[in-house]
Every structure is written in structure tokens, then in C-alpha cells.
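Just so you know, all these numbers are worked out from the coordinates, no wet-lab data involved. Not measured: the values here are computed from a predicted model. Counting neighbours? That spans all protein chains shown, and the Cβs are built from the backbone with ideal geometry, glycine included.
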Amino acid sequence: MTTINKITILGSGVMGHGIAQVASAAGYNIVLRDIEQTLLENAMNKIKWSLGKLVEKQKISQDDANSVYGRITPVVDLKKALQDSDLLIEAVPEDLELKKKVYAEVEKYVEDKTLYASNTSTLPIGELASLTSRPSRFIGLHFFNPPQLMPLVEVIPSRFTDNDTVSITLDLIKKIGKDPVLCKKDVVGFIVNRIFIPLVHEAAYCLERDNAKMTQIDSAVKFKMAAPMGIFELADYTGLDVIHKASNEMASRDKKVINPNPLIERLFSEKKFGQKSGTGFYDYSGEDKYGRIKLSETEAENYDPITLVAIVANNAAWLLSNGVCDRNDLDKALRLGMGFKKSPFTLAEEFGLKRVVSTLESLSNKYGEFYEPDILLKKMSLG
Ligand SMILES: NC(=O)c1ccc[n+]([C@@H]2O[C@H](COP(=O)([O-])OP(=O)(O)OC[C@H]3O[C@@H](n4cnc5c(N)ncnc54)[C@H](O)[C@@H]3O)[C@@H](O)[C@H]2O)c1
């Protein structure tokens, strides 16, 4: 079985530099590769800044910070970056054509012992694996943003991945102090995005169909669905550009997964990306750009989020009935990836399983197959 000592990370952007930092903190030797020296300098500065914050908060010593920083070697030359590497983690932009070029280049220099992983959010792992000479040694490792803080990593084998690669990478994720969930099938959106992305579109439908205000829906999501924030708030925080891209990728592979709401397309085309651009669903142009939206239990009283509960429960049921994950991993993924304090099935039980299913049935009669209740949910509702 391969022992991981040296990890090569391709791409030093938002995700790559964060993954480099957490893996180095666990003692691994890291090579961080990007296409230009200035990009690497920028990434190394961010790592230094982040380690400095940890020292300031007395979470680590200055000596530890120096060692973590010292174990990361920034390299532009791909051949050098892949030399003696036990694992490569690809974190280049989410663009299949670009990834194809990257893997073609990697094939020229990669060694036989190196395992491959991609941090893709939405591209099929099997398709990426097929771009390499050893698909059985390829796996999805989906870290969440920011990797330094988010504990969850979805581990996604494709139909080609061998068991050895699954156990080595699951073990690695634990060793770097993260909490893995096994997404046993290479399905569109994996686990968290399969729930999160359709939920954003559905919340936008609720605005018009229920003639509700954004803060009303968000208050109900926060106070009645045990979420850490409203869904529009979370979408603005994630970035409407990211959501737009994920929606298109997911819908292009399976139309049934997303019921696209034109509002997402409109906000994206108007460059209203959320907090990062100053406007999204909400306006952040005031003094406190990163302030939280005012949500209240009183506003929550005036809105019944049954449709949103039903959509979450239905997608959760789909994941279980298709053998994508077990219930424990599903609950863990939603807790750590989206901050949901309650299991989707507990929530559905609280709202009434029969009511959840009848809500889906009436929506599916009106708006089509996206809303058809999953067989497992129907069974659960029969007690
Ligand atoms: N940003 C997120 O919230 C997030 C969360 C989870 C997963 N992801 C996934 O992680 C991956 C990276 O996303 P990101 O947000 O870090 O992107 P990013 O644009 O911040 O960084 C990508 C980096 O890759 C570099 N790059 C381009 N071509 C390269 C090559 N041939 N070799 C090495 N580096 C190259 C770019 O110069 C850039 O620095 C994507 O697949 C994305 O879907 C992103």
C-alpha cells in the first residue's frame, strides 16, 4: 500500500493554497504548483498571513508556523513538481477543457506510484479519471471553502477507483484533521451540492409562488429549519457566480437535478455575485460589507418553509435510496458542509412526513418531475 509523504497540489488559488496549508500542518511535504511565480508568491503570502493569525490567537507557536510554511515548496516547473510525488491534488479552475489540458500535461511526468485526486465541485470523477493512464488510482477529494476552517471533505471514488485508493485517501483526510464522508457513487453534485444548489433555486421560486419576502423565507430557514443562516444569505456568502456555474454543470449532466430559476441567471448576468461584489440577493453596499442580514423569529412566524423542507428531504432520500451514502454520512455532510443542526429526516418528521410527501405530489402535478417524491420518502411517510 502506498504511503503518502509528498503531496503535489496543482493550483495555488482559493482552494489549493488552503489545502497546502492544512496538509503541511499535518506534517506532509507539499509542492504547490501554479503557472506563474507571482501567483505562487501571492499564495505563499496568504499562507504566511493565515499562519500568523493562528500564532496571534495562540493556536500554534511561531516555530510550528515556520515549520508548516517551510514544508511547502512553491514550484512552477511541472516535471519538478511531480517528482517523487505520492499524491497529486488538482485544484485548477472548474473548466473541463482546462482540466483536460492539465491532465494531458501531467501524464508526461507523473510517476507510477502517484495517486491522483481532484478537488472538483461538479465534474464527474470518472470522466476526469479517464483522462489519465491509471483511472483506478484516481479519486475525488472535495474540500470546502475555506479549507483551513471547513472540517468536511467528500471522498468520491468513481466506478474505476480501487479500494486501496479509497482507504489511503480516507486515512489521509483523517490524518490532516478533517472529517471525511464517503460519497459511494459519482453522482451529480455529490452529497452537499446535491442538496444545497437545488435548494437555492427553490427558495427563489418560493419568493414568487408564496408571495414572500426574502427575509421572511430566510428567517424561517434559520429558525424553523435549524440552519445557521438563511438560504439567500448562504447563497450570497458562497457566491452567485459559483452557484451559477455549479447549477449549469449539474443540469447539463442531469436535467432532473435542478429546477433552474431564472433569477439566478439574472443575478449572475448582472454581476450580482453576493457579498464579494456588494450585491446579490441582498445589498451589501452599506458600511458593514460583511455584516449579517437581520433575521428574526417574528418574521419566521409568518412563513411556512414546508416546500424547502420537502426539497431537502426529497434529495436526501434520493441519496439514500440510490446507495450514494449512508444516513450517518448524509447527516454529517449536511451538518459540517451547510451547518444544518438537524438531520433532514428529523426535520421532515417534525413537519409531518405525510405533509412533506403531499406537498411534493402537488408541486409535481403542477410543475413536473423535479418534484416527484422519492420512493424511500413515500415509504417513510407510510410509517
Ligand atoms: N472556491 C470554492 O469555493 C471551491 C470549493 C470547493 C471546490 N472548489 C473546486 O476547486 C477547484 C479550484 O477552485 P479555486 O476556487 O481554488 O480556483 P482559483 O481560480 O482560485 O484557483 C485556481 C488556480 O489554478 C491555477 N492554474 C491554472 N492552470 C493551472 C495549471 N495548468 N497548473 C497549475 N495551476 C493552474 C490558476 O492560476 C489559479 O491560481 C475547482 O475545481 C473548484 O470547483 C472550489
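A few remarks follow.
- Sequence-distant lysines (8 or more away, or on other chains) whose Cα lies within less than 23 Å of LYS113: LYS6, LYS79, LYS80, LYS99, LYS100, LYS101, LYS174, LYS175
- For region 270-337, chymotrypsin sites (Phe, Trp or Tyr not before Pro) are listed when DSSP marks them as loop and at most 11 other Cβ atoms sit within 10 Å of their Cβ; the list is TYR290.
- Virtual paramagnetic centre 7 Å along Cα→Cβ of ASP162, amide N under 13 Å, in region 1-19: 1-3
- Helical mean residue ellipticity (222 nm; -39500 (n - 2.57) per DSSP H run of 4+; nearest 500) of the chain: -16000 deg cm²/dmol
- Rg over Rh for the chain works out to 0.98, both radii taken from alpha-carbon positions and Rh defined as the Kirkwood radius.
- Residue-count net charge about TYR367 - beta-carbon cut-off 13 Å; Lys, Arg +1, Asp, Glu -1: -2
- Extension reserve of the GLU297-TYR367 stretch, reckoned as 0.36 nm per residue once the Cα distance is removed: 22.1 nm
- The loop-placed trypsin sites (Lys or Arg not before Pro) in region 20-49, going by DSSP, include none that has at most 10 neighbouring Cβ atoms within 10 Å of its Cβ.
- Along its three principal directions, the equivalent ellipsoid of region 6-182 from the Cα gyration tensor extends over semi-axes of 25, 18, 14 Å, largest first.
- Using a cutoff of 8 angstrom between alpha carbon atoms and counting only pairs six or more residues apart, the relative contact order for the chain works out to 13 percent.
- Dividing the C-alpha radius of gyration of region 192-381 by 2.2 N^0.38 Å, with N its residue count, gives 0.98.
- Taking amide hydrogens as placed 1.01 Å from N in the peptide plane, the amide H of ILE9 sits under 5 Å from those of VAL31, LEU32, ARG33, ILE89, each at least 5 positions away in sequence or on another chain.
- Phi-based couplings in Hz for region 227-239 (Karplus 6.51, -1.76, 1.60; Gly and Pro marked x): 9, x, 7, x, 6, 5, 4, 5, 5, 5, 5, 5, x
- Each residue of region 44-57 is assigned a 3J(HN,Hα), and the resulting list reads 5, 5, 5, 5, 4, 4, 5, 5, x, 4, 5, 5, 4, 7 Hz, derived from the Karplus form 6.51 cos²θ - 1.76 cosθ + 1.60 (θ = phi - 60°), x at Gly and Pro.
- Reachable aspartates and glutamates from LYS276, criterion Cα separation under 20 angstrom, eight or more residues apart if same chain: GLU94, ASP218, GLU233, ASP236, ASP241, GLU265, GLU287, ASP288
- The GluC sites (Glu not before Pro) of region 193-284 that DSSP puts in a loop, and whose beta carbon has at most 14 other beta carbons within 10 Å, are GLU270.
- Only aspartates and glutamates eight or more places from LYS108 in sequence, or on another chain, were considered; those with a Cα closer than 15 Å are ASP77, ASP84.
- 3J(HN,Hα) couplings calculated from phi for region 62-68 with the Karplus curve 6.51 cos²θ - 1.76 cosθ + 1.60 (θ = phi - 60°) are, in sequence order, 4, 4, 4, 4, 4, 5, 4 Hz; Gly and Pro show x.
- Under the criterion of Cα pairs below 8 Å and six or more residues apart, the relative contact order for region 6-182 equals 22 percent.
- Cα shape, region 193-306, gyration tensor, a/c 1.5 rule: oblate
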